[in-house]
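Structure record follows, encoded as structure tokens.
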Amino acid sequence: MPAAPRARPADLFTPEEWAPFQARAAWVGPLLVLHCWGVILLAAVAGVLWPILIPLCVAVIGTRQLGLAILMHEAAHGGLSPRARLNDFLGHWLCAVPVGASLPLYRPYHLSHHKYAQQPEDPDLVLSAPFPVTRASLRRKIIRDLTGQTFFKQRVLYLFKAFASDRDEDMAEGAVVTGRSVAPFLLVNAALLAAAILAGVWWAYFVLWLLPLATWFPMVTRLRNIAEHACVEGSADDAFRAARTTRASWWERAFIAPYWVNFHAEHHLFMHVPCWKLPALHRAVHARPQGGRIEVAGGYMEVLKTASAGTTLPASG
């Protein structure tokens, strides 16, 4: 069972150049969690005050629900706080549980993904192995996401299969832990519903929390998964080809890829670098000759064309 190839910081940087990427600020992680919930709250208030904005608010909230999952991922690497207890509290109760996940269960699963990235033992291989697919197949997947079918499959049907060994691509990552964390998930969501009732807008929980969770969140999670590993040649043999980085415009960061999740190649190279330092790491790596081997896409639409056209993007700087 060979592990995935690894890169060492010393292969690219001097100790002085690498030192800033090792430093961790105690306040940034909690601030990101606060920012994520703040955006969700502001979008919910906007939807209540101006119902015409509800479709836009659903997209904004669904993307920040993905943001909570991304910050849970950061906590899995110990990146939300240098204090382990605070890191795990924030990552579990304020990030993972509200969207139906569990940090203690996700962490070993995800670290296994890093250890065996794109190897047969990689638990996330089912997310990237089917690609490229036909455009019709990709369209059907996105329709299932936006119509709530994926949510129903993960949160209801797989609730009874979470302990089973067999799973398909929709069972990977979040759905694996959903069944085992259902009680905390229901508890937190009951609190959110109670808060909406006390505020006199009971319907807001269903329209401005549950609806994004059942539609936009699964869709952007799928786009994230496709962009990270699908159709990257040489990913099992070269540490610099283990994942793809996607250049994200402002609107893609707002509606698809929050909190620097698009810098996935750099994250796989050096997984303990905090997410907010990934743009600087991207620039530093690409200033070295090895950076030219990294797969870089010009945007998420470009990735989707590649994932549904049977072609592979060339590596670019």
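The values are calculated or read from the model by the stated rules, or taken from the named source; none is laboratory data. None of these values were measured; they are calculated from a predicted model. Every residue, glycine as well, gets a Cβ built from its backbone with ideal geometry; the counts of neighbours run over all protein chains shown.
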Residue ID - modelled with the lowest pLDDT, chosen from residues in region 126-161 that are of a type in the set (Phe, Trp, Tyr) and over 22 Å from SER308 (Cβ atoms): PHE160
Selected residue [within 14 Å of the chain's Cα centre (by Cα) and modelled with pLDDT of 95 or more] from LEU68, LEU90: LEU68
Qualifying residue in region 166-182 (condition: in a helix (DSSP H, G or I), crowded, with 19+ Cβ neighbours inside 10 Å, at pLDDT 85 or above and among the charged types (D, E, K, R)): no
Hits in region 285-311 - residues which are among the β-branched types (Val, Ile, Thr) and within 19 Å of LEU223 (Cβ to Cβ): VAL296, VAL303, THR306, THR311
Residues of region 9-58 satisfying the condition of being of a type in the set (A, V, I, L, M), out of contact with any helix residue (DSSP H, G or I) (no Cβ under 9 Å at 6 or more places or on another chain) and under 16 Å from ALA280 (Cβ atoms): ALA19
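How many residues, within region 1-19, are assigned to a helix (DSSP H, G or I) and more than 22 Å from HIS114 (Cβ to Cβ)?
Adding up the residues that qualify gives 4.
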Checklist (1) small (Gly, Ala, Ser); (2) farther than 28 Å from PRO82 by Cα; (3) buried (at least 23 other Cβ atoms within 10 Å of the Cβ) applied to ALA257, failing item: (2)
Residue count for region 20-37, restricted to those that are within 19 Å of CYS95 (Cα to Cα) and either touching a strand residue (DSSP E or B) at 6+ places or on another chain (Cβ under 8 Å) or part of a helix (DSSP H, G or I) (or both): 10
